[in-house]
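Nothing in this text is a laboratory measurement; each read-out follows from the coordinates by a stated rule. Because the structure is a prediction, the values reported are computed rather than measured. We place every Cβ from the backbone using ideal geometry, glycine too, and count neighbours over all the protein chains shown.
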Amino acid sequence: MQMLAGWGCTELEVFGIGLIMADVMIAYKAEAFYGDILHVDIYAEEISDRTFDLLYHASCAGKDIAHGKTGMVCFDYAQRKIAEIPAELKNKLLAVGF
């Protein structure tokens, strides 16, 4: 959400389309506690014409806390169908890729 907000977007309005989270996976690697400051790196990969994955790496004080993945689908809510990734979004995703 912060990444989208940084681009001036929301999950319902990303350069003319919306996003749907199609799947999510989380692998916990170590404990973290209330009050810990987590650092989260986000990477994009598997970018296709309509979908992409976001990968997350959470750490705290250099300790590996969790890895995650969300499968995202571009969606046109007005037409109620899957949509193509807008060029501006694709360019932003390529900039946060591996």
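Over all other residues within a Cβ to Cβ distance under 15 Å of residue 71, the charged ones net out to -4, with Lys and Arg as +1 and Asp and Glu as -1.
Among 39, 67, sorting on how many other beta-carbon atoms sit within 10 Å of each Cβ, with the fewest leading, yields 39, 67. The convex hull built on the alpha-carbon positions of the chain has an orientation-averaged projected area of 6.8 nm².
In this label model, residue 69 and residue 82 are separated by 1.7 nm, measuring between points 7 Å along each Cα→Cβ vector.
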